[in-house]
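A.B. asks: Let me give you the structure first, and then I'll get to my questions.
The values are calculated or read from the model by the stated rules, or taken from the named source; none is laboratory data. Being a predicted model, the structure only gives us computed values, none of them experimental. All Cβ positions, glycine included, derive from the backbone under ideal geometry; neighbour counts span all protein chains shown.
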Amino acid sequence: MSGSTFGHKFRITTWGESHGAAIGAVIDGCPAGLPLEASDIQAFLDRRKPGQSKFTTKRQEGDQVEILSGTFEGRTTGTPISLLVRNQDQRSRDYGNIASVYRPGHADYTYTQKYGFRDYRGGGRSSGRETIGRVAGGAVASHILRELGIELTTYAKAIGPVTVPEEEYRFEEIFQNKLYMPSNQRAEEAAACLESMMKNLDSCGGVIECRVTGLPAGIGEPVFDKLDASLGRAILSIGAVKAIEIGDGIDAARLSGSQNNDAFFMEDGAVRKKTNHAGGVLGGMSDGDTLVLRASVKPTPSIAQPQQTVTESGDDTELVIRGRHDPIIVPRAVVVVESMTALTLADLLLQNMGSRMEHLKKIYQ
Ligand SMILES: Cc1cc2nc3c(=O)[nH]c(=O)nc-3n(C[C@H](O)[C@H](O)[C@H](O)COP(=O)(O)O)c2cc1C
């Protein structure tokens, strides 16, 4: 199996299955001298942990991170950083009735077609638990960005039919509600929708938005590693994410050129834009404005309703997935979107260091 490594200069490899002994990541290319403690990474992991609200699964997963290598006396050494989270409370018997059938909306059928067999215990590599490695790595990448004055703010913009319009954003409320919405009032409305979803044994999707401030202009590598292309690859690699938008995204297709162009003007000797339809990306490079991206997340595929499917031996059957199921993935995926954005930006920032002779002279002369 290939495809578990992401990035060029700042590279992350995630490893592990949901029901294996442990799950984690190896980061190669992190500069030496970055202050880094396990608590920095734990703070990120705690945001994706199950059992935080009645809308997330009650499995008690400790998800305590251990740093196995790459730091000394609280700072990175420049060597590979190995991060490990031991799996606990992974009761295989909960998954007994799905061992030989394909769950609709899951990767069971495609894994079996590709590899000839699959680890049916909780989805193996396709499980949401795979994102633990990404989030642990994303915490390290975010730490680099913060040292450079680059800040990420990520939240649930929409849950089911409830959307928070931009004029209602209250960023200080994101961590005041369990759904990570930038409006406590909208979060209450969304919670009511989720209650009825749960009663109907159903699930819903939503939209996660990430805003990045402090990103200098020129980050992104034309032509195949453009900023928007790299973000697209990163965000679409997250399970259940079906689309990404940058700035106005698909709505830009319905605007005229005069509406969509962001006019430039000078302010205090710096080039600024009057609007930000572009979402902070021009020609595949950051333009110095706020980077805005949105990820569309599908409804949780595991639902408690009886579903029509087939067995591995080719018989039609009805499947009832036992256990408790999240009616929504979005709240737990907010930090995953933030992590993949941070990993992409850290990698592109390091790549950008070789873009001009003057940068190289600053380092080597
Ligand atoms: C953080 C996170 C948590 C997830 N939790 C669940 C879950 O509890 N139940 C579920 O059915 N799917 C969950 N998923 C989604 C499945 O892993 C995913 O839909 C499935 O592997 C099929 O992949 P695809 O949706 O990309 O096609 C989760 C995804 C993420 C990113």
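A.B. asks: Would you point out which residue out of SER203, SER196 is small (Gly, Ala, Ser) and surrounded by fewer than 19 Cβ atoms within 10 Å (Cβ to Cβ)?
C.D. replies: Just a single option satisfies the conditions, and that option is SER196.
A.B. asks: On the given criteria, is ALA141 touching a Phe, Trp or Tyr at 6+ places or on another chain (Cβ under 7 Å) and in a helix (DSSP H, G or I)?
C.D. replies: When the stated conditions are applied, ALA141 passes them.
A.B. asks: Residue under question is THR71, and the condition is that it be at pLDDT below 95 and among the β-branched types (Val, Ile, Thr); does it hold?
C.D. replies: no
A.B. asks: Would you mention how many residues in segment 93-123 are more than 30 Å from SER39 (Cβ to Cβ) and either near the ligand (Cβ under 9 Å from one of its atoms) or in a helix (DSSP H, G or I) (or both)?
C.D. replies: 18
A.B. asks: Go through (1) touching a residue at least 24 places away in the same chain (Cβ under 8 Å); (2) farther than 29 Å from ASP347 by Cα; (3) of a type in the set (Gly, Ala, Ser) and name the single condition SER256 misses.
C.D. replies: Here SER256 meets the rest and fails (1).
A.B. asks: Hey, can you tell me all the residues within segment 144-176 that are surrounded by 13 or more Cβ atoms within 10 Å (Cβ to Cβ) and out of contact with any Ser or Thr (no Cβ under 8 Å at 6 or more places or on another chain)?
C.D. replies: The answer is ILE144, LEU145, ARG146, LEU148, TYR155, ALA156, ALA158, ILE159, GLY160, VAL162, THR163, GLN176.
A.B. asks: Wholly within segment 275-365, which strands (runs of 3 or more DSSP E) include no fewer than the required count, namely at least 2 residues that are among the acidic types (Asp, Glu), at pLDDT 95 or above and surrounded by fewer than 24 Cβ atoms within 10 Å (Cβ to Cβ)?
C.D. replies: Correct list: 316-319.
A.B. asks: I'd like the full set of residues that are on the phi > 0 side of the Ramachandran plot and at pLDDT 95 or above, limited to segment 120-172.
C.D. replies: Listed by number, the residues that qualify are GLY149, GLY160.
A.B. asks: Next up: Got a number for residues in segment 4-23 being on the phi > 0 side of the Ramachandran plot and assigned to a strand (DSSP E or B)?
C.D. replies: Of the residues in that region, 0 qualify.
A.B. asks: Can you pull out every residue in segment 195-217 that is within 22 Å of LEU349 (Cβ to Cβ), part of a strand (DSSP E or B) and of a type outside the set (Ser, Thr, Tyr)?
C.D. replies: GLU209, CYS210, ARG211, VAL212
A.B. asks: Moving to a separate point now. Filtering segment 144-154 down to residues that are in contact with a Pro (Cβ under 9 Å, 6 or more places away or on another chain) and either in a helix (DSSP H, G or I) or within 15 Å of the ligand (Cβ to nearest atom) (or both), which residue is farthest from GLU66 (Cα to Cα)?
C.D. replies: So, considering only residues that are in contact with a Pro (Cβ under 9 Å, 6 or more places away or on another chain) and either in a helix (DSSP H, G or I) or within 15 Å of the ligand (Cβ to nearest atom) (or both), the one farthest from GLU66 (Cα to Cα) is GLU147.
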